[in-house]
Every structure is written in structure tokens, then in C-alpha cells.
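Quick notes on the structure that follows.
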Amino acid sequence: MKPGKRSMSVGTLNADIRISDVIAHPLTQELPQPTVTSWGKYTEVSIVLVEVRTDAGITGVGEALARFSPKAYCELIEGSLKPRLVGGNATDIMTHWHSMRRSLSGRSGGILFEAIAGVDIALWDILGKVAGLPIYRLLGGVGRQEVPVYAASVNWGNDEFMDEELDRYIEKGFPRIKVKVANPVKEACKRVERLRKRAGDGIELCVDANWAYTLEEAVELGRALTDNNYFWFEEPLRPEDESGYEELHRRCATPLAAGESNYTLDQAMRLVANRTLSFLQPDVARSGGITETRRMAEFAAAHDVQYAPHIGMSGIVCETASVHLAAAMPNLRAMECETDSSPFKTAITGAAPGADRQKNGMLPVPTGPGLGIEVDWDAVKKLTVK
């Protein structure tokens with residue numbers, strides 16, 4: 001412990017624990033296997049790990065969904081957010097959230113809210129360590145010791161490639177699998193039918209379009225999804241096209257899923273409140289962290305919309321925070337389980353990624369205090385952008 005720091009053990013309640021430093025770590029890695037969606041082919045991706053230190057020697061870690069230009073996030077976190085945080089009580093999470101929100105004017109979204117997410121997750125990690133409880137217990141919990149997950153994803157490609165990916169996930173024991181679709185829409189319809197026949201009726205399948213379609217194209221693919229018993233149609237349209245989603249809901253029998261592009265609850269309200277969406281999919285590393293994602297999930301629960309945490313090309317910290325939320329929310333459907341073996345999931349903690357720990361589509365919930373993981377900061381240094 002550094003000179004001048006107070007000694008405090010994990011599990012100390014009602015403690016006046018002050019934030020002493022906030023450090024942002026920009027990490028980049030080459031994907032072991034490219035991810036191919038309607039947006040294109042991703043071969044490299046970034047995240048930002050946020051380290052929040054306290055004068056009690058307790059450190060929390062969070063993750064920001066900073067897929068590109070991670071140094072820009074670090075400058076924002078350390079230049080604009082850190083001055084608002086240092087000296088404050090680390091357990092006053094809501095106070096810090098609103099203070100960070102006011103660091104930039106304008107509507108909610110973008111790099112600011114992904115940066116806030118990283119800090120917020122770290123503060124919840126600290127709170128759990130102070131209380132000696134896992135985060136899902138602090139969130140209330142509903143008695144879950146494990147959460148249902150689905151494999152993500154069968155990437156867009158030729159028939160042979162997609163068949164091989166589907167077979168691999170089935171062999172790993174996943175009873176739920178996501179399939180990426182793209183244009184041309186008629187080809188997507190054929191793939192949807194082909195993969196259903198290959199998987200059989202015992203495997204639950206859903207699709208993710210990553211905004212690939214116009215309304216009429218989405219209606220066409222929606223018919224194929226309904227005919228082949230897919231359980232959701234994810235992000236068929238641009239997230240801003242709320243009226244388009246409402247029209248698609250009227251013309252498509254397959255339930256709609258979206259929300260990974262939302263930063264705050266107000267951006268999810270319309271399509272949840274009118275039940276256009278059957279599944280809300282906020283990403284904790286984008287949607288303002290645990291604090292705001294919880295509000296989104298609870299709002300969805302109040303409107304009988306199911307919660308399905310999104311994780312995409314992220315790291316073990318994002319995945320673990322998502323597990324805690326999934327364990328605590330009453331309206332959980334299933335959590336995304338990225339199956340890539342990236343160093344973001346395999347190298348920076350001693351915990352194995354969810355894809356390696358799940359059994360028959362069920363993933364155990366961490367039981368340690370806070371997030372329940374410990375970061376290997378030497379490993380982080382090796383992935384840090386120079």
C-alpha cells in the first residue's frame with residue numbers, strides 16, 4: 001500500500017472511500033478469426049479498460065465499448081471525467097454518473113456514454129468489494145446461480161462456411177445460436193431456411209441483420225424467419241428509424257429485438273413502451289454502464305419486454321458485468337455469448353471466457369465480491385496501444 005493510504009479490507013461497510021485516481025488503458029488486438037457482418041469484415045478491434053483507484057487501496061475495473069480510436073476515449077476519461085471524480089466518495093455512483101453526464105453538452109450518446117460506462121462498471125466493482133458482495137446481489141438478485149446464453153455468431157459467408165460454424169456451436173452444446181444475415185435479401189432467405197434444416201427443430205435460432213435492410217426487405221426476410229421458426233429478428237433497420245420498426249412490427253410475425261445501439265433509457269423508451277420490441281438488448285459497455293443499463297432492463301420489465309444483454313467483440317470485463325445484470329433482472333431471456341478466443345477474454349484475467357465455461361447454454365454467475373474477477377495488469381500492458 002502506498003504511503004498516506006488508509007488500510008481497509010474488502011467487506012467494510014459505511015466507509016468513506018475516496019477516489020484517488022482514474023486510469024484509462026487503450027487496448028487493441030487482432031481478432032483470431034475475422035468477424036463478418038453486413039457492415040463488413042472486422043480483423044482488428046479495440047476496447048478501453050478503466051481502472052479506478054481509491055485511497056483505501058481498493059481498485060475497481062470497467063470496460064468501455066471503444067472499438068476504434070481507443071486513445072480518444074482515454075483522453076476524454078482522463079481529461080474530462082477524472083477531474084470530476086477524484087476526491088469524491090467512490091460509493092456515490094449515481095452522483096458520479098450525473099456529474100460525468102454534464103461534462104459535455106448536447107444529447108446523450110457517442111463516445112461520452114461509452115466512456116461513462118467504463119467508469120460506472122469500475123465503481124460498481126468497488127462497491128461490491130466494499131460490501132463484500134457480488135454485484136448481482138447488490139442489484140437485488142432473483143435467485144439465479146447461472147444464466148442462459150446463446151452462441152454468437154454464425155458469421156455471414158458462403159454455405160459451407162456457415163454450415164461449419166453452425167455445426168461447431170452445436171457440438172459445443174449451445175441450444176441457442178445467432179446467425180448473421182446481410183444482403184442480398186433473397187440469399188439471406190435461403191440461408192435462413194438452409195440453417196434451420198441443418199440445425200433441426202431442437203436448436204433455437206435467431207438472426208442479426210446489423211441494420212442491413214430497408215423496410216420492404218426486412219418484411220421479406222421476416223416471412224422466411226417466421227416460416228422457419230426463428231425466435232427473434234435483431235436490428236433489421238437503422239436504430240433511428242423508429243416508425244420503420246413500428247411498421248415492421250405490424251407486418252412481421254417474428255418478434256423484433258434491438259437496443260445495442262441505444263446509449264440511454266430515453267432512446268429505448270418509445271419502442272419498449274409501445275411493445276414494438278419483444279427483446280431489449282442494451283450493451284453495458286455502451287449504455288452508460290451498470291447504472292443506466294439496469295434502468296433500461298427494469299423499464300423493459302415494466303412493459304413485459306424481455307431483456308437480452310448484448311456483447312459484441314468485447315472483453316471479459318464487459319462479459320462479466322453483463323452476467324451480473326443478467327442474473328439480477330427478472331425479465332431475462334438470454335445473454336449473448338461471444339465465442340471468439342480473443343486476448344480481451346482469455347489473457348487479462350484468470351477467468352475463462354463464458355464460451356468455455358457454459359454447459360448446455362447455461363453460464364455460472366461469479367460469486368466473488370464486485371465483478372468477481374482480478375485483472376492481470378502486466379497482461380494489460382502487453383495489449384496497450386503504444
**Complete:** If one builds a Gaussian network model of the chain from Cα atoms under 10 Å apart, the most fluctuating residue listed among Lys41, Lys359, Lys82 is Lys41
**Complete:** Phi angles of region 324-332, converted by Karplus (6.51 cos²θ - 1.76 cosθ + 1.60, θ = phi - 60°) into ³J(HN,Hα) in whole Hz with x for Gly and Pro, give 4, 5, 4, 5, 9, 8, x, 9, 5
**the chain: Cα Rg divided by the 2.2 N^0.38 Å rule of thumb** = 0.97
**Principal semi-axes in Å for region 149-303 [√(5λ), Cα gyration tensor, largest first]** = 26, 18, 13
**Inter-probe distance in nm under a simple model that places probes 7 Å from Cα toward Cβ, at Trp377 and Arg270** = 4.5 nm
**Item:** Amide hydrogen neighbours beyond the local backbone of Trp211, cut-off 5 Å, H modeled
**Value:** Leu237
**Message:** Using Cα springs under 10 Å in a Gaussian network model of the chain, which residue among Ala152, Ala117, Ala72 shows the largest mean-square fluctuation?
**Reply:** Ala72
**Complete:** With a ≥ b ≥ c from the Cα gyration tensor eigenvalues, square-rooted, and the rule rounded for a/c under 1.5, otherwise prolate when a/b > b/c and oblate otherwise, region 35-92 is prolate
**Fill in**
Convex hull around the C-alpha positions of region 19-132: the volume in Å³ per residue is 118 Å³
**Prompt:** In angstroms, what radius of gyration and Dmax does region 240-386 have, counting Cα atoms only?
**Reply:** 16.5, 53
**Request:** Within region 69-127, list the trypsin sites (Lys or Arg not before Pro) lying in a DSSP loop whose Cβ has at most 16 other Cβ atoms in a 10 Å radius.
**Result:** Arg102, Arg107
**Asked** Restricting attention to region 297-351, which GluC sites (Glu not before Pro) occupy a DSSP loop and are surrounded by at most 11 other Cβ atoms within 10 Å?
**Response** none
**Prompt:** What does the helix-only formula give at 222 nm for the chain: each DSSP H stretch with n ≥ 4 adding -39500 (n - 2.57), the total divided by the residues, and the result rounded to the nearest 500 deg cm²/dmol?
**Reply:** -11000 deg cm²/dmol
**Request:** Take the chain, connect every pair of alpha-carbon atoms lying under 10 Å apart with a spring to form a Gaussian network, then pick out the residue of Cys318, Cys189, Cys337 with the largest mean-square fluctuation.
**Result:** Cys189
**Prompt:** Which pairs break 19 Å Cα to Cα here: Lys129/Lys382; Lys41/Lys178; Lys71/Lys386?
**Reply:** Lys129/Lys382
**Fill in**
Ordered by number, the GluC sites (Glu not before Pro) in region 174-282 that occupy a DSSP loop and have at most 13 other Cβ atoms within 10 Å are Glu240
**Message:** Taking each pair of distinct Cα atoms in region 111-183 once, what is the resulting Kirkwood hydrodynamic radius in Å?
**Reply:** 15.7 Å
**Message:** I'd like the distance between the alpha-carbon centres of region 126-198 and region 57-117, rounded to an integer number of Å.
**Reply:** 29 Å
**Asked** Given the convex hull of the Cα atoms of region 67-211, what is a quarter of its surface area in nm²?
**Response** 12.8 nm²
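Just so you know, all these numbers are worked out from the coordinates, no wet-lab data involved. Predicted model, so just to flag it, every value in this text is computed and none were measured. Neighbour counts are summed over all protein chains in view; Cβ atoms, including those assigned to glycine, are modelled from backbone coordinates with ideal geometry.
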